[in-house]
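*Asks:* Could you have a look at this structure, given as structure tokens, before my questions?
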């Protein structure tokens, strides 16, 4: 671990926390937006714990996760559209609370929070299983096909986890409208996976055989 990596991780964490708080509480018009605090808690506390663990045990993996500079043109488009999606979902959630458009029962919010945390655990398991996991679409030096654990069930378990994370997010924030906005993640992730598989087929030895062996991308028997 280096000081540069430490400060890079801390700065991104703090910036992300401030940005999301701003996007939630400013439209809400109050700091009493309890769904916003719940979401920040279940998002950033596990993120902090995971970051500390990676910083101590696997700084190289942490470095890969912090590197978000995408080289693929198609992926740059997906990232830009995803940013717009999140911006809209957070702002609308705050406005929904402020004006009381649609109020969800608390049990729905708490159930969504449990699902969110379960998806977070799945995401952590994917990080543990795949040391080559990066935020960018690429084939790394000496990279090998991972076909055990969750990768023996679906080819892209990371996207399985993020799909559940993002879809439960709108409900945690108490906004069905945000949930509908976040449904746009489905075509976005389909586009990202299509391009990613093309890259892996061209550059990763054994991926074609793996694709024939594990037929489903993110949801067994469905997708």
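The values are calculated or read from the model by the stated rules, or taken from the named source; none is laboratory data. What you see is a predicted model; the values in this text were computed from it and never measured. For neighbour counting, all protein chains shown are included, and Cβ atoms are generated from backbone atoms with ideal geometry for every residue, glycine included.
*Asks:* On the basis of being surrounded by 14 or more Cβ atoms within 10 Å (Cβ to Cβ), touching a residue at least 40 places away in the same chain (Cβ under 8 Å) and outside any helix (DSSP H, G or I), does residue 181 make the cut?
*Replies:* So residue 181 fails the test.
*Asks:* May I ask you to list the residues in the range 28-55 that are in a helix (DSSP H, G or I), without any contact (Cβ under 8 Å) to a residue 60 or more places away in the chain and closer than 18 Å to residue 106 by Cα?
*Replies:* Within the range 28-55, 34, 37, 40, 41 qualify.
*Asks:* Looking at the structure I just gave you, is residue 25 farther than 17 Å from residue 175 by Cα and either assigned to a helix (DSSP H, G or I) or under 17 Å from the mean Cα position of the chain (by Cα) (or both)?
*Replies:* Here the answer is no, as residue 25 does not meet what is asked.
*Asks:* Same structure, new question: Surrounded by 17 or more Cβ atoms within 10 Å (Cβ to Cβ), in contact with a helix residue (DSSP H, G or I) (Cβ under 9 Å, 6 or more places away or on another chain) and in a helix (DSSP H, G or I), is that true of residue 112?
*Replies:* yes
Condition check ((1) at pLDDT below 95; (2) not in a loop (DSSP other than H, G, I, E, B)) across all residues:
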| position | (1), (2) |
| --- | --- |
| 64 | yes, yes |
| 71 | yes, no |
| 117 | no, yes |
| 146 | yes, no |
| 165 | no, yes |
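*Asks:* With (1) touching a residue at least 24 places away in the same chain (Cβ under 8 Å); (2) farther than 19 Å from residue 78 by Cα; (3) surrounded by fewer than 16 Cβ atoms within 10 Å (Cβ to Cβ) as the list, and residue 191 as the residue in question, which single condition is left unmet?
*Replies:* (2)
*Asks:* Hey, another quick one. Taking the range 210-223 as the region of interest, how many residues are on the phi < 0 side of the Ramachandran plot and without any contact (Cβ under 8 Å) to a residue 12 or more places away in the chain?
*Replies:* Qualifying residue count for the region: 4.
*Asks:* Among the residues of the range 207-218, count how many are surrounded by 13 or more Cβ atoms within 10 Å (Cβ to Cβ) and not in a helix (DSSP H, G or I).
*Replies:* Number of matching residues: 4.
*Asks:* Looking at (1) touching a residue at least 40 places away in the same chain (Cβ under 8 Å); (2) surrounded by 13 or more Cβ atoms within 10 Å (Cβ to Cβ); (3) farther than 15 Å from residue 92 by Cα, which is the one condition that is false for residue 2?
*Replies:* The single condition residue 2 does not satisfy is (2).
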